[in-house]
Amino acid sequence: MLEPALHHTLVAPSEVLDYEQLYADYQTGLVDRLRGFGAAAECLSLWVPDEDPATSLRNLWDAAAAAGERDIAVYLGPTTTASLDGDEVLGTAARFGVATLTHGRTGWLVEVQELRAAAPVAERRAVAPRARAIVHGVTTTPAIETSAGAIHPAYVDAIARATADVQHDGVLSADAGELMLRVEDHGSTLSLVVDRETHVIRRAAFTDAPHEGVMERFCALVEGVPILDAADHGVARLELSLREHRAHRPVAGIVTPRSADPCFARPQALIRAALADYRAQTGFADWISTHDAGPAAPWRAMSPADREAAVRTVLDTFVAAHDGRPGAVELVAVEIDVRLVLRLDEALLSDGGPRLVFELEQALRDAIDPRLEVVLEEIRDRNRKRRLAVVE
Amino acid sequence: MTGMTDHTQLILDGTKIGWHLDRVHAWERGERIAPITIDMALTRACNFACEYCYAMLQENDRKVITRDVIFDFLEDCAEIGVKGISFVSDGESTISPVFADAIRRGSELGLSMAVGTNGLALTKMRLEEILPHLTYLRVNISAGERDRYAQIMGVKPEWFDRVCQNIRDMMEIKRRDDLPVTVGMQMVVMPSYGDQILPLARLGQSLRPDYLVLKHCSDSEDGELGVDYDGYDSLYDKLRAAEALSDDEYKVVVKWSKIEARGKRSYQRCYGAPFMIQLSGSGLVAPCGMLFNERYKKFHIGNICETRFRDIWASDRYWDVMNLLASPEFNAQKMCGSLCLQHKVNETLDAHAKGLVQLTTPRGAAPAHIDFV
Ligand code: SF4
């Protein structure tokens with residue numbers, strides 16, 4: 001509310017703007033309103049306040065002038081005036097027109113008439129200095145070191161298990177309609193039998209691998225996969241399948257077969273050579289792999305009720321392990337066959353945050369199917385005008 | 001005189017990742033790299049209500065980016081080696097009370113600063129403050145006629161005149177002070193806006209910004225904005241006619257590569273995010289804007305209103321999320337909306353990782369805006 005005394009001083013402007021109210025409304029609007037946001041007063045549609053009241057007022061007069069207003073009156077309450085110098089305020093206001101400042105009991109009334117854009121002055125307001133010194137140029141942290149020549153510990157056990165059960169060594173022969181490829185790199189060979197129609201690898205075998213377990217697992221993984229996808233993504237899948245724990249990453253940054261361990265270089269070279277050979281022999285010219293194996297047969301075969309029950313079991317175990325209340329995670333929908341839309345209890349979510357959703361997805365993938373995805377219920381735009389403008 | 005001198009090339013439909021091979025090599029070695037570019041907003045709010053606005057799909061918990069928060073953030077960026085920061089993302093940063101200070105502070109710290117805006121609140125006085133500190137300023141203006149502008153951008157028709165005046169002022173200040181800033185206009189082309197392509201290209205001829213870029217509209221993975229990518233076919237003639245209005249100092253550029261991609265991706269892994277991340281105007285740090293909505297909470301890494309960015313960047317959580325996107329457990333073809341900001345970087349890095357292209361140091365002078373990959 002304005003001080004009554006100040007009301008009597010008004011001459012030209014029909015409306016006195018309460019700066020503190022405007023500022024508070026603006027700040028609230030920044031959080032509460034999404035689209036069609038603006039200052040409460042129509043004449044201030046161009047106004048952007050500032051945490052510094054002097055700058056904020058300067059912006060206000062500039063915005064009013066730019067919007068074509070002829071005069072403007074602003075009441076500044078005690079909180080604002082406490083950090084301002086009256087002469088400076090008047091000086092700034094005078095750059096925009098004929099300015100007067102009236103002192104009231106608790107605040108000031110600043111009127112500017114015959115508003116105009118202020119002549120440009122070098123606005124080089126210093127930004128407040130900060131205490132902390134800045135160290136430039138530190139762009140990376142080093143990757144975890146491994147001893148030269150040794151396979152990274154993240155893969156050792158899985159490679160040993162695969163080596164103990166080799167089933168894909170040797171050479172292959174092709175049947176009618178199939179094409180046999182045999183490529184070599186540094187003495188190792190990879191043989192593939194590929195279906196000419198579907199470009200899918202039917203069988204795979206290797207000889208003379210430096211790490212038999214690596215090639216064994218690779219051959220097992222590429223069988224049933226289109227040759228283009230095997231060349232593009234097969235070795236990355238191999239890396240993940242040989243990593244003992246997903247979270248036990250061999251490097252500090254991004255894991256790729258190349259960064260992970262030199263043992264992945266051989267299958268990579270072999271499968272790329274095989275694809276090149278396949279292109280040369282068949283004229284195969286696709287370059288973009290869109291292969292997605294989708295969920296495995298057990299998930300595909302389940303009825304909706306069975307799926308819900310399987311998901312429910314995992315959710316309940318997960319919630320119990322995280323001390324959540326029973327039913328703290330609900331399955332809301334299953335989209336596109338594999339996307340589980342979940343609703344999480346606020347308490348559980350605020351305790352665990354995004355990491356909890358991440359872990360929940362891993363738990364569902366490990367227990368049911370690696371192709372499952374987890375999303376939460378969407379928060380929609382709260383602005384009605386915006387929402388009406390689109391197809392719901 | 002324009003900021004684009006003869007020896008620098010303005011790449012508007014492509015990526016500059018090849019000019020940052022040191023960081024690409026560090027990424028290949030599995031080191032923790034700082035993003036080259038961060039795209040962010042200072043608020044989620046906007047004074048417009050554009051029909052095609054992607055931000056409506058990006059709702060997440062609102063928090064306020066104060067001056068202290070943004071200063072801490074900028075200092076952290078400079079410290080870890082971020083090079084460029086663009087205020088675009090999911091809100092209209094020019095209406096944030098910390099906007100001008102953030103631009104100046106970033107520039108003082110040696111960061112390249114840029115803005116994408118509807119341009120309404122950029123009065124001449126505010127332009128005087130910020131233009132000397134900017135690498136580029138791009139005005140989103142998706143129509144060349146007043147009434148259509150009001151309709152498409154959800155505002156009063158008079159605001160069209162104000163924005164046009166502001167663009168004239170930008171160019172006047174740039175020329176007067178011989179500033180290196182590039183001033184551009186951008187139209188988000190929806191198939192139904194075909195009638196505005198040529199009027200806007202002609203408007204650009206009279207306002208004289210450095211360029212007008214005509215780009216596709218992104219959509220969510222479920223097509224919630226209803227973008228009809230096949231509908232762009234009927235616009236090709238108009239888009240070519242608009243390009244023909246280019247002259248020596250005003251370029252009309254169509255992002256053909258994205259329009260022709262029809263919302264499709266050639267890659268399944270997302271390698272681009274560690275090079276180029278996005279922050280919401282709520283302070284949320286996520287790999288990209290398409291994942292801002294609470295629906296994608298599993299990808300949310302932290303919030304600069306609560307945690308220093310350098311700590312978020314150095315956290316396991318940050319690298320868990322980035323690794324998930326780069327792993328065979330993620331498939332951008334199935335799990336992402338169409339044509340994200342990182343698309344061209346992703347395409348290039350994916351082709352490099354597949355051995356289809358060899359990234360080598362590009363020849364010639366570095367392109368303009370090199371810090372915005
Ligand atoms: S590919 Fe997907 S995750 Fe990566 S930046 Fe684009 S939309 Fe985001």
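Points to keep in mind about this one:
- For segment B:269-333: span of alpha carbons on each principal axis (Å, largest first): 32, 23, 18
- Projected label points at residue A:377 and residue B:198, each 7 Å from Cα along the beta carbon direction, are separated by 5.0 nanometres.
- Contour excess over end-to-end distance, with Cα ends at residue A:287 and residue A:335 and 0.36 nm allotted per residue: 14.4 nm
- Point-to-point label distance, residue B:61-residue B:264, nm (Cα→Cβ direction, 7 Å offset): 4.0
- Kirkwood-Stokes translational diffusion coefficient of segment A:297-376, alpha-carbon pairs, 10 °C, 1.306 mPa s, µm²/s: 126
- Viscosity 0.692 mPa s, 37 °C: Kirkwood-radius Stokes-Einstein D of the protein assembly as shown over Cα pairs, µm²/s: 115
- Calculated FRET value between residue A:343 and residue A:98, using beta carbons and R₀ = 56 Å, to 0.05: 0.40
- Taking only the Cα atoms of chain B, the ratio Rg/Rh comes out at 0.93, with Rh defined as the Kirkwood radius.
- Segment A:40-101: C-alpha gyration tensor shape, a/c 1.5 cut-off, then a/b vs b/c: oblate
- Burial ordering of A:42, B:79, A:20, fewest other beta-carbon atoms within 10 Å first: A:42, A:20, B:79
- This ranking places A:357, A:235 by how few other beta-carbon atoms lie within 10 Å of each, fewest first, which gives A:357, A:235.
- Among the cysteines of the protein assembly as shown, those with no neighbouring cysteine Cβ under 4.7 Å are A:43, A:219, A:263, B:46, B:77, B:164, B:217, B:270, B:288, B:305, B:336, B:340.
- Evaluated at q = 0.14, 0.18, 0.23 Å⁻¹, a Debye calculation over the C-alpha positions of segment A:153-282 (equal weights, vacuum) places log10 I(q)/I(0) at -0.57, -0.91, -1.38.
- Within the listed set B:53, B:77, B:288, the Gaussian network model of chain B (springs between alpha-carbon atoms below 10 Å) gives the highest mean-square fluctuation for B:53.
- Take the Cβ atoms of residue A:244 and residue A:106, set R0 to 60 Å, and the FRET efficiency comes out at 0.30.
- Among beta bridges that DSSP assigns inside chain B, antiparallel share in %, nearest 5: 10
- The mean sequence distance of close C-alpha pairs (under 8 Å, at least 6 residues apart), as a share of the length of segment A:297-376, puts its relative contact order at 28 percent.
- Cross-link pairs beyond the 23 Å C-alpha cut-off, checked among B:255/B:297; B:16/B:215; B:16/B:264; B:215/B:344; B:258/B:354: B:255/B:297
- When each of B:282, B:206 is scored by the number of other beta-carbon atoms lying within 10 Å, the sequence from fewest to most is B:206, B:282.
Readers should treat all values here as calculations from the given coordinates under stated rules, not as data from a laboratory. These numbers come from a predicted model, not from an experiment. Neighbour counts run over all protein chains shown; Cβ positions are idealised from the backbone, glycine included.
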